[in-house]
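Reading through the structure tokens given below for one structure.
The values are calculated or read from the model by the stated rules, or taken from the named source; none is laboratory data. Because the structure is predicted, anything quoted here is derived from the model rather than measured. Cβ placement follows ideal geometry from the backbone for every residue including glycine, while neighbour counts extend to all protein chains displayed. These accessible areas exclude ligands, DNA and RNA; they are computed on the full protein's heavy atoms, side chains included. Shrake-Rupley method; radii C 1.70, N 1.55, O 1.52, S 1.80 Å.
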Amino acid sequence: QVQLVESGGGLVQAGDSLRLSCAASGRTFSTYAMGWFRQAPGKEREFVAEMFWRSGSTSYADSVKGRFTISRDNARNTVYLQMSSLKPEDTAVYYCAAQINMWKGYDYWGQGTQVTVSS
């Protein structure tokens, strides 16, 4: 069992920056990957970024590449999403997710944190 809690969302203007945090607790001894997803009202959930835990390799959606950075603090069991040059189309609920087994996909999800970008 893994529990994930996101924080750091808020209301910002286009061009601003924001950093989201995801604190993990429970059985975090073996993690394959952690990722960020987002969902806007009336839209499907979409992939944003992920980090493969062993290697530290990262992957990003084309829509955020060059603007968003995923990072981690192992001592704090926390993963971050640094967002810069925010656009109104980035407005969504952002979810943190954890993948324990590489063959099972993302199994654990946080409650989400709202990010609203005004024009």
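Determine the per residue accessible area of the chain with all protein chains present and a 1.4 angstrom probe, expressed in square angstrom.
Numbers: 6450 Å² over 119 residues.
So the chain comes to 54 Å² accessible per residue, rounded to a whole number.
Can you give the Kirkwood hydrodynamic radius of the range 14-80 from its Cα pairs, in Å with one decimal?
On the way: mean 1/r = 0.0758 Å⁻¹.
The answer is 13.2 Å.
Would you mind getting me the FRET efficiency between residue 46 and residue 19? Use the beta-carbon distance for r and R0 = 22 Å, nearest 0.05. Show your work: numbers first, answer last.
On the way: r = 20 Å, r/R0 = 0.91.
Between residue 46 and residue 19 the formula returns 0.65.
Counting other C-beta atoms within 10 Å, and keeping those with at most 15, which DSSP coil trypsin sites (Lys or Arg not before Pro) do you find in the range 26-83? Intermediate results must be reported in sequence, preceding the final value.
Numbers: sites: 27, 38, 43, 45, 54, 65, 67, 72, 76; in loops: 27, 43, 45, 54, 65, 67.
Of the trypsin sites (Lys or Arg not before Pro), the ones in loops of the range 26-83 whose Cβ has at most 15 other Cβ atoms within 10 Å are 27, 43, 45, 54, 65, 67.
Starting from 0.36 nm per residue, how many nanometres of slack lie between residue 87 and residue 104 once their C-alpha separation is accounted for? Show your work: numbers first, answer last.
Values: separation 17, 0.36 × 17 = 6.12 nm, distance 3.28 nm.
Between residue 87 and residue 104, full extension yields 2.8 nm more.
Please identify every one of the chymotrypsin sites (Phe, Trp or Tyr not before Pro) in the range 16-57 that sits in a loop by DSSP and has no more than 10 other beta carbons within 10 Å of its own beta carbon.
On the way: sites: 29, 32, 36, 37, 47, 52, 53; in loops: 29, 32, 53.
Listed in order of number, the matching sites are 29.
Using the Karplus equation 6.51 cos²θ - 1.76 cosθ + 1.60 (θ = phi - 60°), what ³J(HN,Hα) coupling, rounded to whole Hz, does each residue of the range 41-55 give in order, writing x for Gly and Pro?
Karplus-based 3J(HN,Hα) across the range 41-55 equals x, x, 10, 6, 5, 10, 6, 10, 7, 8, 10, 7, 5, 5, 8 Hz.
Which value, to two decimals, describes the C-alpha radius of gyration of the chain once divided by 2.2 N^0.38 Å? Intermediate values should be presented prior to the final figure.
On the way: Rg = 13.6 Å, N = 119, 2.2 N^0.38 = 13.5 Å.
That ratio works out to 1.00.
Could you state the number of Å between the C-alpha centres of the range 2-26 and the range 43-67?
Using only Cα atoms to place each centre, the spacing works out to 15 Å.
Could you tell me the calculated FRET efficiency between residue 71 and residue 3, based on Cβ-Cβ distance and R0 = 22 angstrom, to the nearest 0.05? Each step should come with its number before you reach the end.
Details: r = 20 Å, r/R0 = 0.93.
For residue 71 and residue 3, the calculated efficiency is 0.60.
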